[in-house]
Every structure is written in structure tokens, then in C-alpha cells.
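Engineer: Dropping the structure in here first, questions after.
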Amino acid sequence: MLQLGMLKSKEDQKVKEEGYKLHAYNVLISNRLGLNRDLPDTRNSLCKSKNYDANLPKASVVICFYNEHFQTLLRTIHSILNRTAVELLEEILLVDDFSDHENLYSDVENYLIGII
């Protein structure tokens, strides 16, 4: 994990600097994390032991974004898909709030077409 932020080239430094300029965080690390990652279950123990009704309604997840970093947006989508029971997920709605990052919309659209 410590290697994720290591600068291995001038290009890495450029990616890191641009990421901080555009998104205020280290995009280099975000790019290296991958789309699927394990996260600890941080729920309270009372929540973990609770039994839920088997007939819960489906949910729609709405993600509003503006000039979001592409990899980060994809990781959010993958997290929802990986951590939500299929029978509970109706849809994921992506709402682009007039992003002006060139190609963001088409990049997301092309990626999603490839996984659907």
C-alpha cells in the first residue's frame, strides 16, 4: 500500500500535480487503487447483527457529479455494484451537473457501454 504514492517518473509527478490542481487530491494514488478494492466493514456491531426483512424494496442510487475524476467515478460505480445485493438495486443514475472536463461524459458513457 505504501508504494501507491511513490513517484517513479516525471510523468507520475505531473499526474500528481495535475490531480491536485483539478481535484484537490492525489489522482496518482487514485489511479493506482484499481476499480475493485476491499474495504473494512465499519458498521456498528448492532447494525452488523440486525436481521432485515427479506422483502425490501429496490433502491435507485443517484450520483451527482461535477468534473469528477474519471477513475474515482468508476470506482464509486463499482463499489455500488460490488456491495449491493442485486435484488435491492433498481438502477444507478449518473447526473452530470454540467461538467466542463473535456471527454468526461463520453469516457463514462463508453466505459459503461462496455460493462453492460
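The values are calculated or read from the model by the stated rules, or taken from the named source; none is laboratory data. Since we're looking at a predicted model, the values are computed, not measured. All Cβ positions, even for glycine, are placed from backbone atoms using ideal geometry, and neighbour counts span all protein chains on display.
Engineer: Give, as residue ranges, the helices (runs of 4 or more DSSP H) completely inside region 10-116 that count at least 3 residues that are surrounded by 14 or more Cβ atoms within 10 Å (Cβ to Cβ) and either modelled with pLDDT of 90 or more or of a type outside the set (Val, Ile, Thr) (or both).
Structural biologist: Values: elements: 10-23, 27-33, 45-49, 70-83, 104-115.
Of the helices (runs of 4 or more DSSP H) lying wholly inside region 10-116, those with at least 3 residues that are surrounded by 14 or more Cβ atoms within 10 Å (Cβ to Cβ) and either modelled with pLDDT of 90 or more or of a type outside the set (Val, Ile, Thr) (or both) span 10-23, 27-33, 70-83, 104-115.
Engineer: A further question on this structure: Which of the numbered conditions does Gln3 fail, given that it passes all the others? Conditions: (1) at pLDDT 90 or above; (2) surrounded by fewer than 12 Cβ atoms within 10 Å (Cβ to Cβ); (3) over 13 Å from the mean Cα position of the chain (by Cα).
Structural biologist: For Gln3, the exception is condition (1).
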